[in-house]
(Lines give C-alpha, C1' and ligand atoms only; values in the text may rest on other atoms or scores of the structure.)
Protein backbone atom coordinates (compact mmCIF):
# COMPACT_ATOMS: atom_id res chain seq x y z
CA UNK A 1 0.00 0.00 0.00
CA UNK A 2 1.21 3.48 -0.80
CA UNK A 3 -0.33 6.89 -1.27
CA UNK A 4 -1.64 7.74 -4.72
CA UNK A 5 1.10 10.31 -5.32
CA UNK A 6 3.92 7.92 -4.37
CA UNK A 7 4.49 9.58 -0.99
CA UNK A 8 5.02 7.67 2.22
CA UNK A 9 1.95 5.82 3.51
CA UNK A 10 0.12 8.04 5.98
CA UNK A 11 -0.98 6.71 9.35
CA UNK A 12 -3.51 8.43 11.59
CA UNK A 13 -3.93 7.50 15.25
CA UNK A 14 -7.21 8.42 16.92
CA UNK A 15 -8.44 8.18 20.51
CA UNK A 16 -11.84 7.80 22.10
CA UNK A 17 -12.71 6.64 25.65
CA UNK A 18 -9.59 4.79 26.85
CA UNK A 19 -6.51 4.98 29.07
CA UNK A 20 -4.03 5.68 26.20
CA UNK A 21 -2.15 2.43 26.90
CA UNK A 22 -2.46 1.11 23.35
CA UNK A 23 -1.21 4.37 21.86
CA UNK A 24 1.79 4.16 24.17
CA UNK A 25 2.44 0.69 22.75
CA UNK A 26 2.82 2.32 19.34
CA UNK A 27 5.36 4.79 20.73
CA UNK A 28 7.19 1.88 22.34
CA UNK A 29 7.89 0.21 18.98
CA UNK A 30 9.10 3.19 16.95
CA UNK A 31 12.46 1.65 15.95
CA UNK A 32 10.97 -1.78 15.20
CA UNK A 33 8.15 -0.19 13.24
CA UNK A 34 10.51 1.68 10.94
CA UNK A 35 12.72 -1.37 10.54
CA UNK A 36 9.82 -3.61 9.52
CA UNK A 37 7.66 -1.44 7.33
CA UNK A 38 10.21 1.08 6.13
CA UNK A 39 9.37 4.72 5.73
CA UNK A 40 5.87 5.59 6.92
CA UNK A 41 4.52 8.95 7.89
CA UNK A 42 2.73 9.34 11.20
CA UNK A 43 0.47 12.07 9.88
CA UNK A 44 -1.94 12.43 12.78
CA UNK A 45 -1.08 11.39 16.33
CA UNK A 46 -2.00 13.94 19.05
CA UNK A 47 -0.43 11.75 21.75
CA UNK A 48 3.01 12.09 20.16
CA UNK A 49 3.17 15.21 18.01
CA UNK A 50 1.87 18.75 17.59
CA UNK A 51 2.11 18.41 13.79
CA UNK A 52 -1.25 17.22 12.47
CA UNK A 53 -1.77 16.50 8.78
CA UNK A 54 -5.22 16.22 7.28
CA UNK A 55 -6.46 13.01 5.71
CA UNK A 56 -7.08 10.91 3.85
CA UNK A 57 -4.95 8.31 5.62
CA UNK A 58 -3.75 4.95 4.35
CA UNK A 59 -4.19 3.38 7.79
CA UNK A 60 -6.24 4.61 10.71
CA UNK A 61 -5.54 3.16 14.16
CA UNK A 62 -8.39 3.74 16.59
CA UNK A 63 -8.13 3.32 20.35
CA UNK A 64 -11.08 3.60 22.72
CA UNK A 65 -14.79 2.90 22.90
CA UNK A 66 -17.67 5.06 21.69
CA UNK A 67 -19.36 6.65 24.71
CA UNK A 68 -20.78 10.03 23.63
CA UNK A 69 -22.87 11.44 20.81
CA UNK A 70 -19.80 13.38 19.64
CA UNK A 71 -17.81 10.13 19.50
CA UNK A 72 -20.52 8.49 17.38
CA UNK A 73 -20.37 11.33 14.86
CA UNK A 74 -16.57 11.61 14.83
CA UNK A 75 -15.95 7.92 14.15
CA UNK A 76 -18.08 8.21 11.02
CA UNK A 77 -15.85 11.05 9.78
CA UNK A 78 -12.68 9.09 10.63
CA UNK A 79 -13.95 6.03 8.74
CA UNK A 80 -14.44 8.13 5.62
CA UNK A 81 -10.88 9.47 5.93
CA UNK A 82 -9.15 6.08 6.29
CA UNK A 83 -8.51 3.54 3.53
CA UNK A 84 -7.97 0.84 6.16
CA UNK A 85 -9.42 1.18 9.65
CA UNK A 86 -7.96 -0.88 12.48
CA UNK A 87 -9.24 -0.90 16.06
CA UNK A 88 -6.58 -1.44 18.70
CA UNK A 89 -7.15 -2.64 22.24
CA UNK A 90 -10.01 -3.95 24.36
CA UNK A 91 -11.81 -0.60 24.52
CA UNK A 92 -12.04 -0.23 20.75
CA UNK A 93 -12.72 -3.91 20.03
CA UNK A 94 -15.03 -4.79 22.95
CA UNK A 95 -16.10 -1.61 24.75
CA UNK A 96 -13.42 -1.83 27.44
CA UNK A 97 -13.83 -1.87 31.19
CA UNK A 98 -16.17 1.11 30.83
CA UNK A 99 -18.68 -1.20 29.10
CA UNK A 100 -19.59 -2.47 32.57
CA UNK A 101 -21.98 0.48 32.62
CA UNK A 102 -24.01 -1.30 29.94
CA UNK A 103 -25.63 -3.46 32.62
CA UNK A 104 -26.62 -0.48 34.77
CA UNK A 105 -28.42 2.87 34.57
CA UNK A 106 -25.75 5.32 33.40
CA UNK A 107 -27.85 8.26 34.60
CA UNK A 108 -27.52 6.96 38.13
CA UNK A 109 -23.73 6.94 37.81
CA UNK A 110 -23.80 10.50 36.49
CA UNK A 111 -25.88 11.66 39.46
CA UNK A 112 -23.44 10.09 41.92
CA UNK A 113 -20.24 11.35 40.29
CA UNK A 114 -21.00 14.85 38.98
CA UNK A 115 -22.16 17.86 40.97
CA UNK A 116 -24.09 19.17 37.96
CA UNK A 117 -25.39 16.16 36.00
CA UNK A 118 -27.30 18.37 33.59
CA UNK A 119 -24.01 19.34 31.91
CA UNK A 120 -23.12 15.72 31.12
CA UNK A 121 -24.12 14.33 27.73
CA UNK A 122 -23.34 10.67 27.24
CA UNK A 123 -24.67 7.59 25.53
CA UNK A 124 -26.40 4.94 27.62
CA UNK A 125 -23.81 2.36 26.59
CA UNK A 126 -20.08 2.11 25.90
CA UNK A 127 -19.68 0.17 22.65
CA UNK A 128 -16.93 -1.08 20.32
CA UNK A 129 -16.07 0.90 17.21
CA UNK A 130 -17.36 -1.95 15.00
CA UNK A 131 -20.91 -1.31 16.24
CA UNK A 132 -20.76 2.09 14.53
CA UNK A 133 -18.65 1.72 11.37
CA UNK A 134 -17.08 -1.09 9.30
CA UNK A 135 -13.70 -2.16 10.70
CA UNK A 136 -11.04 -3.86 8.57
CA UNK A 137 -9.15 -5.53 11.42
CA UNK A 138 -9.32 -5.76 15.21
CA UNK A 139 -6.12 -5.96 17.24
CA UNK A 140 -6.94 -7.28 20.70
CA UNK A 141 -5.33 -6.72 24.07
CA UNK A 142 -5.31 -4.54 27.17
CA UNK A 143 -2.90 -3.22 26.17
CA UNK A 144 -2.09 -4.58 22.73
CA UNK A 145 1.05 -6.61 22.06
CA UNK A 146 3.51 -4.21 20.43
CA UNK A 147 4.97 -6.91 18.20
CA UNK A 148 1.50 -7.79 16.95
CA UNK A 149 1.07 -4.10 16.11
CA UNK A 150 4.27 -4.14 14.04
CA UNK A 151 3.07 -7.26 12.23
CA UNK A 152 -0.33 -5.70 11.60
CA UNK A 153 1.02 -2.52 10.04
CA UNK A 154 3.64 -4.43 8.04
CA UNK A 155 1.04 -6.84 6.67
CA UNK A 156 -1.44 -4.07 5.87
CA UNK A 157 1.14 -2.11 3.89
CA UNK A 158 2.19 -5.29 2.08
CA UNK A 159 -1.39 -6.19 1.21
CA UNK A 160 -1.44 -9.49 3.11
CA UNK A 161 -3.42 -10.80 6.06
CA UNK A 162 -1.69 -10.19 9.42
CA UNK A 163 -0.23 -13.26 11.10
CA UNK A 164 -1.95 -12.77 14.44
CA UNK A 165 -2.66 -15.90 16.54
CA UNK A 166 -6.29 -16.88 17.13
CA UNK A 167 -5.61 -19.82 19.43
CA UNK A 168 -5.99 -19.69 23.21
CA UNK A 169 -3.70 -18.67 26.05
CA UNK A 170 -3.55 -22.36 27.01
CA UNK A 171 -1.19 -23.01 24.09
CA UNK A 172 1.10 -20.25 25.35
CA UNK A 173 1.05 -21.91 28.78
CA UNK A 174 2.05 -25.24 27.25
CA UNK A 175 4.90 -23.60 25.34
CA UNK A 176 6.20 -22.13 28.59
CA UNK A 177 5.88 -25.45 30.39
CA UNK A 178 3.32 -24.12 32.85
CA UNK A 179 1.27 -26.53 34.92
CA UNK A 180 -2.43 -25.71 34.46
CA UNK A 181 -3.41 -23.69 37.53
CA UNK A 182 -7.09 -24.58 37.12
CA UNK A 183 -6.44 -28.33 37.08
CA UNK A 184 -3.68 -28.31 39.69
CA UNK A 185 -4.95 -25.60 42.04
CA UNK A 186 -8.59 -25.00 41.14
CA UNK A 187 -7.80 -21.38 40.27
CA UNK A 188 -10.46 -19.77 38.00
CA UNK A 189 -8.83 -18.90 34.66
CA UNK A 190 -10.12 -17.57 31.34
CA UNK A 191 -7.11 -18.94 29.46
CA UNK A 192 -9.05 -21.69 27.62
CA UNK A 193 -11.35 -19.11 25.96
CA UNK A 194 -8.97 -16.13 25.62
CA UNK A 195 -6.96 -15.29 22.52
CA UNK A 196 -3.19 -15.57 22.85
CA UNK A 197 -0.95 -12.53 22.82
CA UNK A 198 0.29 -11.98 26.37
CA UNK A 199 2.64 -14.94 26.57
CA UNK A 200 0.52 -16.44 29.38
CA UNK A 201 1.78 -13.75 31.72
CA UNK A 202 -0.70 -14.20 34.58
CA UNK A 203 -0.81 -18.04 34.67
CA UNK A 204 3.00 -18.07 34.70
CA UNK A 205 2.80 -16.27 38.06
CA UNK A 206 0.01 -18.50 39.40
CA UNK A 207 -2.82 -16.10 38.64
CA UNK A 208 -5.83 -16.89 36.53
CA UNK A 209 -6.07 -15.30 33.08
CA UNK A 210 -8.20 -12.14 33.12
CA UNK A 211 -9.12 -12.38 29.44
CA UNK A 212 -7.22 -9.25 28.37
CA UNK A 213 -7.05 -10.32 24.70
CA UNK A 214 -10.73 -11.16 24.41
CA UNK A 215 -12.42 -14.30 23.10
CA UNK A 216 -10.35 -16.70 21.04
CA UNK A 217 -11.55 -18.09 17.72
CA UNK A 218 -14.27 -20.74 18.28
CA UNK A 219 -14.57 -19.66 21.88
CA UNK A 220 -16.58 -22.14 24.00
CA UNK A 221 -17.34 -19.91 26.97
CA UNK A 222 -20.44 -21.87 28.11
CA UNK A 223 -18.31 -25.02 28.55
CA UNK A 224 -15.77 -23.13 30.66
CA UNK A 225 -18.58 -21.57 32.71
CA UNK A 226 -19.91 -25.03 33.48
CA UNK A 227 -16.48 -26.31 34.45
CA UNK A 228 -15.97 -23.34 36.79
CA UNK A 229 -19.24 -24.18 38.51
CA UNK A 230 -18.08 -27.78 38.95
CA UNK A 231 -14.93 -26.40 40.58
CA UNK A 232 -17.07 -24.54 43.11
CA UNK A 233 -17.54 -21.09 41.60
CA UNK A 234 -21.02 -19.64 42.15
CA UNK A 235 -22.98 -17.66 39.55
CA UNK A 236 -21.79 -14.30 40.86
CA UNK A 237 -18.14 -15.38 40.65
CA UNK A 238 -18.53 -16.65 37.08
CA UNK A 239 -20.22 -13.38 36.09
CA UNK A 240 -17.41 -11.31 37.60
CA UNK A 241 -14.79 -13.40 35.84
CA UNK A 242 -16.22 -12.73 32.40
CA UNK A 243 -16.98 -9.06 33.08
CA UNK A 244 -13.51 -7.66 32.82
CA UNK A 245 -11.64 -5.79 30.12
CA UNK A 246 -13.61 -7.47 27.32
CA UNK A 247 -16.97 -7.77 29.06
CA UNK A 248 -19.00 -6.59 26.04
CA UNK A 249 -17.44 -9.08 23.60
CA UNK A 250 -20.49 -11.13 22.72
CA UNK A 251 -19.04 -14.54 23.75
CA UNK A 252 -18.04 -13.22 27.19
CA UNK A 253 -21.26 -11.26 27.48
CA UNK A 254 -23.43 -14.32 26.92
CA UNK A 255 -21.40 -16.35 29.41
CA UNK A 256 -21.67 -13.65 32.08
CA UNK A 257 -25.44 -13.51 31.57
CA UNK A 258 -25.76 -17.26 31.93
CA UNK A 259 -26.87 -17.79 28.35
CA UNK A 260 -25.92 -20.87 26.36
CA UNK A 261 -26.25 -20.01 22.65
CA UNK A 262 -27.28 -22.80 20.29
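The values are calculated or read from the model by the stated rules, or taken from the named source; none is laboratory data. Predicted model only: the values in this text are computed from it and were never measured. Here Cβ is always computed from backbone atoms with ideal geometry, including for glycine, and neighbour counts include all displayed protein chains.
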(request) Being farther than 13 Å from residue 213 by Cα, touching a strand residue (DSSP E or B) at 6+ places or on another chain (Cβ under 8 Å) and surrounded by fewer than 21 Cβ atoms within 10 Å (Cβ to Cβ) is the filter here, so list the residues in segment 155-173 that pass it. (result) 157, 162
(request) Looking for whichever is in contact (Cβ under 8 Å) with a residue 60 or more places away in the chain and farther than 27 Å from residue 252 by Cα here; the options are 73, 32, 47. Which one fits? (result) 32
(message) Which numbered condition in (1) out of contact with any helix residue (DSSP H, G or I) (no Cβ under 7 Å at 6 or more places or on another chain); (2) assigned to a helix (DSSP H, G or I) is the only one that residue 192 fails?
(response) (1)
(message) Between 154, 225, which is assigned by TED's automatic domain parsing to the domain that holds residue 27 and either touching a helix residue (DSSP H, G or I) at 6+ places or on another chain (Cβ under 6 Å) or within 29 Å of residue 104 (Cβ to Cβ) (or both)?
(response) 154
(message) Which pairs turn up if I take residues in segment 188-213 that are without any contact (Cβ under 8 Å) to a residue 24 or more places away in the chain and look for partners that are in a helix (DSSP H, G or I) with beta carbon separation below 7 Å, at least 6 apart in sequence or on another chain?
(response) 189/181; 189/182; 189/203; 191/169; 191/170; 191/173; 191/203
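Residue by residue, here is whether (1) under 18 Å from the mean Cα position of the chain (by Cα); (2) assigned to a loop (DSSP other than H, G, I, E, B); (3) at pLDDT 95 or above holds:
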residue	(1), (2), (3)
33	no, no, no
47	no, yes, no
52	no, yes, no
61	yes, no, yes
71	yes, no, yes
75	yes, no, yes
87	yes, no, yes
